[in-house]
Amino acid sequence: MPIVLPVALSLCGKRDSEIRMRPVVDALGRAGFLAPVADPFSAVLDRAADPAAAIEQQRPDAVLVHGGSATALAAAMAASECGIPVAHLDAGRCDGDVTASLPGEPVRRTLSRIAALQLAPTEHARRILLASAVPEERIVVTGDPLVDAALSGDTSAVAAEDRKMVLVAAHQPENRGAPMQRIGSAVRVLAARFPGLAFVLCSGPELAVHAGLTTAAGRPSNILSMPVPPFPELVRLLAEATLVLTDCAELEEVAPSLDVPVLVVSTTTDRPEGVLAGTSRTVGTRVETIVEEASALLVDPNRHAAMAHRPSPFGDGHAAERIVAALSALIGCGERRPDFAPRVDIGVASR
């Protein structure tokens, strides 16, 4: 029986990679392709393991790597040396950064040359791969398995008129210091302007300080702070929000599938698909801009609906199925499914 060996979750075992890999591992298991060592939640090939030794021992029919970690590259090179085809999950992400300032970019570029199958999460990622001279026949647009993970949980629909919460999640390093202070000030202004809404901060203590939660005098009663919860709980929280202010790529990807507009509190975004599709907007960290853009969405139902009800450009909950089909085709025991493409029926809820 063919075996696909998913390895290299990510450098340092980042939560993001584990969440994205989980639906794929589950789908591989259901299809009967999964090697026992491959499950990232049991006998994982973790950062302390030697992927080359595991590949030599298991001799899988294909090796699936994720992201741009050193472990992913080591696994891909080991597989290539053994003549085993490599599939790269999340291919095309960030590869367009010509400055190559991100640690994973050299790895991703090398993987684009090694991998026989490039599993691009979006059409934007596919175009980046094509611009990097990756042959079109090696690319499959699958949608993002992160959306699969989000939609597999309890995301019971909450009517728009019953959503009385704004979720705020800002913790990227570039927003520390003065930018975080401005974000906190904007939240305080918005909380005063919309006393009927709860503003829930899922961030570190710095944002809570700047939002005025550390002083008894004048402490806003409708601003709450909590640690970032596990992913399923974060998704349930997001499903209850009417708006999200964030610098977190995970939330940018998941929110459109839950009909939640996204304001990116940064001058740039690693997920331009949302901006291009109209599901998100970059607003920077100026207090006035954040307050103006958020207020416009909170007071104008038509403007809110125009963002909330656009189809998600990130996935439809079936990425893992497309990935398994593409791997089946790679090892000669199945056929690819049609590529993921967002629906075009604008105005219909994306759920």
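The values are calculated or read from the model by the stated rules, or taken from the named source; none is laboratory data. These numbers come from a predicted model, not from an experiment. Positions of Cβ are backbone-derived with ideal geometry, glycine not excepted, and every protein chain shown enters the neighbour counts. With ligands, DNA and RNA removed, areas are computed over all heavy atoms of the protein, side chains included. Shrake-Rupley method; radii C 1.70, N 1.55, O 1.52, S 1.80 Å.
Residue separation times 0.36 nm, minus the C-alpha to C-alpha distance between LEU224 and SER132: what's the value? Before the final figure, lay out each step's value.
Values: separation 92, 0.36 × 92 = 33.12 nm, distance 4.49 nm.
Taking LEU224 through SER132 to full extension adds about 28.6 nm, to one decimal.
A simple spin-label model places the labels of ASP50 and THR268 3.9 nm from each other, with each point 7 Å out along Cα-to-Cβ. Judged by the ratio a/c of the largest to the smallest principal axis of the C-alpha gyration tensor, the range 160-203 counts as oblate, that ratio being 1.5 or greater while a/b is no larger than b/c. Here the 3J(HN,Hα) profile of the range 65-74, calculated from phi with Karplus coefficients 6.51, -1.76 and 1.60 at θ = phi - 60°, is 10, 10, x, x, 8, 5, 5, 4, 5, 4 Hz, Gly and Pro shown as x.
In the range 233-351, what percent of the accessible surface is made up of carbon and sulfur (1.4 Å probe, ligands and nucleic acids excluded)?
On the way: 2350 of 4710 Å².
Whole-percent figure for carbon plus sulfur exposure: 50.
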